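Below is one structure, written out as structure tokens, with a few remarks after it.
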Amino acid sequence: MPCFSKNEEALTVKLVSLFPEKRPALHSVIVLFNSTTGAIESLMDGGVITLMRTAAASAVALKHLTTPENCKILCIIGAGGQALSHFNAFKHVRNFTEVRVWNRTAANAHKFAKETGAIPYDSAEEAVKNADVVVTATGSKTPVLCGDWLKPGAFICSIGAPMETARELDDAVMHQSTIIADSYDGAQQESGDIILSKAKITAEIGEVISGKVTLPPNKFVLFKSLGLAVYDAVTAKHVYTKYKSTSARL
């Protein structure tokens, strides 16, 4: 995943390996180059950056696609690194009064609950019931969230199923939602939820933030995140710059 951000003077390449049946399933490394000379400035483990930048992008979507008064109950489906990073990012944007978690491996849900104070559920359907915000952060290849479970006007943030043949969301979610993507091209080429359901993307998140697109009322709102290379580039540059400024003071 090569990227150059002129505004941030960030030039990076991210290398990723994905082995879905292994744990952890994903490994990555980010190489940061000097954007003027091409010299390598830093080699970073991409794991933490991937977790943080993905959750940060979702938190931006949460801020612009929801209202504070309609964000009281948060449900997280999944209990891995992305689930935890989204919990940490979302609590800086909305003041949830209740957080729920479900995972197909109950022990992982209970571990997540112990770390975060969330309430573990034995059933995904029960966890989702009356939730205002639902995050799906799983490695599942088949739907873990059904539209029939959702309350009217719910906000869904789906970051899993980053391949053509995998899904986190059933057709009811896809066809009853206003779908906002981080990238048209990325979602149409890589999201099994989009490809297999043949659902239509309403807009990119940037179009909503800029005011070019307004959301229709009385529908689910789905933010489908596949991730963008520019997230990695800008975050890696920030980490490197911060490290240099801190090191200089030591």
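Looking at LYS114, LYS91, LYS141, LYS129, which is the one that is in the same structural domain as VAL173 (by the TED database), under 20 Å from PHE220 (Cβ atoms) and among the basic types (Lys, Arg)? Steps first, answer last, please.
Working: LYS114 fails: under 20 Å from PHE220 (Cβ atoms); LYS91 fails: under 20 Å from PHE220 (Cβ atoms); LYS141 fails: under 20 Å from PHE220 (Cβ atoms).
That would be LYS129, the only listed residue that is in the same structural domain as VAL173 (by the TED database), under 20 Å from PHE220 (Cβ atoms) and among the basic types (Lys, Arg).
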Quick one: count up the residues across segment 1-17 that are without any contact (Cβ under 8 Å) to a residue 24 or more places away in the chain and surrounded by 13 or more Cβ atoms within 10 Å (Cβ to Cβ). 1
State whether one or more residues within segment 89-103 are in a helix (DSSP H, G or I) and modelled with pLDDT of 95 or more. yes
Whether any residue in segment 157-164 is over 15 Å from the mean Cα position of the chain (by Cα), closer than 23 Å to THR136 by Cα and either aromatic (Phe, Trp, Tyr) or surrounded by 17 or more Cβ atoms within 10 Å (Cβ to Cβ) (or both) is what I want to check. no
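The values are calculated or read from the model by the stated rules, or taken from the named source; none is laboratory data. Just so it is clear, the structure is predicted and the values come from calculations on it, not from any experiment. So basically every Cβ, Gly included, is an ideal-geometry build from the backbone, and we count neighbours across all protein chains shown.
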